[in-house]
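Each remark here refers to the structure printed beneath this line.
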Amino acid sequence: MSRVMRILVTGSSGHLGEALVRTLRQAGHDVVSLDIRPSPFTTCVGSITDRGCVSRCMAWVQVVFHAATLHRPHVDTHRRQAFIDTNISGTLNLLEEAAAADVGSFVFTSTTSVFGDALVPPAGAPAAWITEDVKPVPKNIYGVTKTAAEDLCQLFHRNHGLPCIVLRTSRFFPEPDFDAAVRERYADDNMKVTEFLYRRVDLEDAVGAHLLAAERAPQIGFGRYIISATTPFSPEDLPQLRRDAPLATLRRVPDYAAVYGRRGWRIVPGIDRVYVNERARSELSWRPRYDFRALIHRLRAGEDVRSPLARMVGKKGYS
């Protein structure tokens with residue numbers, strides 16, 4: 001995105017939205033930022049469910065980054081109808097207004113949670129190798145509504161010629177894991193670094209993928225991509241990974257043992273899925289910098305494992 005453009009970012013008070021606004025402003029772009037919560041990175045306080053608000057924000061916009069959403073933790077605090085209103089109807093409002101405004105690129109932030117039950121193999125089976133070819137099997141209202149929103153993006157490309165890229169991002173939030181059992185067994189930093197083996201991405205790398213998606217959208221037309229840190233594993237590791245993840249990790253990243261040992265950290269006993277970013281690296285020319293090997297190097301050097309952008313955005317919670 002070399003030339004200066006007018007860009008709409010939804011969800012601008014959230015983790016990814018703020019990171020996008022920070023990055024785009026620094027590059028000199030004219031950013032219109034929309035969120036239901038006020039923040040220094042939000043220029044328009046309003047909801048994507050309000051068609052009039054969306055229409056006003058879309059004026060003269062050339063690129064849309066749609067990151068506004070109800071997230072997985074909201075399943076415990078919000079009604080199912082709220083997910084339909086925000087994640088489906090809100091996305092439809094944005095797509096209709098973007099098509100009417102002849103927007104050049106529409107980038108939708110989806111989630112690897114759309115895969116749902118496809119992420120958990122049967123007992124005794126190898127870990128799952130999750131590529132874009134795996135069929136989603138949503139297991140909650142969050143996954144259902146994000147899958148439906150992805151399909152709306154495809155529909156608007158096919159019927160209206162709107163260039164749409166769907167990015168299925170893995171975990172990038174810095175908050176503690178919402179699973180109480182995980183919080184009890186592992187230190188927070190321990191678990192987050194371990195997740196870079198199979199299901200986490202640094203916020204700075206996630207932003208980079210979004211920028212590349214916006215650049216490539218006119219040529220690609222429509223595409224779905226997994227955005228997760230590059231795993232050190234390959235398909236041949238999957239049986240051992242499910243049975244003995246520490247040993248599988250030691251084979252691929254032998255340096256990890258000493259680094260983890262000094263901190264009293266552990267690799268989880270078994271890993272049931274691995275997110276594969278090969279298509280994003282190939283078709284978007286995405287080059288994520290923060291993977292498990294890089295983080296082990298940074299820990300050994302006494303450096304912070306988080307990117308500067310992730311440190312700036314910090315924790316926000318899910319309200």
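In whole Å, largest first, what are the principal axis extents of the Cα atoms in region 1-151?
53, 35, 29
May I ask for the angle, rounded to the nearest 10°, between helix 203-220 and the longest principal axis of the chain, with both axes built from Cα atoms and the value confined to 0 to 90°?
With both axes taken from Cα atoms, the answer is about 50 degrees.
Of T169, T194, Q154, whose Cα points farthest to the positive end of the dipole of region 150-232 (charges on the beta-carbon: +1 Lys, Arg; -1 Asp, Glu; origin at the Cα centre)?
Working it through, the farthest residue towards the positive pole turns out to be Q154.
Grab the DSSP H runs of the chain that are 4 residues or longer, score each as -39,500 (n - 2.57), total them, divide by all residues and round the 222 nm result to the nearest 500 deg cm²/dmol.
-11500 deg cm²/dmol
In degrees between 0 and 90, to the nearest 10, how far off the longest principal axis of the chain does helix 91-100 point, with axes built from Cα atoms?
The angle comes out at about 50 degrees.
Counting pairs on different chains as well as pairs 8 or more places apart, how many Lys pairs in the chain have Cα atoms under 25 Å apart?
Count of close lysine pairs: 7.
What nm value, rounded to one decimal, do you get for the distance between D133 and V4 when each label is placed 7 Å out toward the C-beta?
Each label point is offset 7 Å from its Cα along the Cβ direction, giving 4.6 nm.
Can you give me the three principal axis dimensions of the chain from its C-alpha atoms, in Å, biggest first?
Principal-axis extents of the chain (Cα, largest first): 55, 40, 39 Å.
So if each residue of separation counts as 0.36 nm, and I subtract the Cα-Cα distance between L250 and R263, what length gain in nm does that give?
Extending this stretch completely gives an extra 3.0 nm.
Spelling out what I want: for every residue of region 64-69, take phi, set θ = phi - 60°, compute 6.51 cos²θ - 1.76 cosθ + 1.60 (Karplus), and round to whole Hz; glycine and proline get x.
Those phi angles translate into 10, 10, 9, 10, 5, 6 Hz.
FYI, it's all coordinate maths here, none of it is from the lab. It should be emphasised that the depicted structure is a prediction, and the values quoted were computed from it without experimental measurement. Every residue, glycine among them, receives a Cβ derived from its backbone with ideal geometry; neighbour counts consider all protein chains shown.
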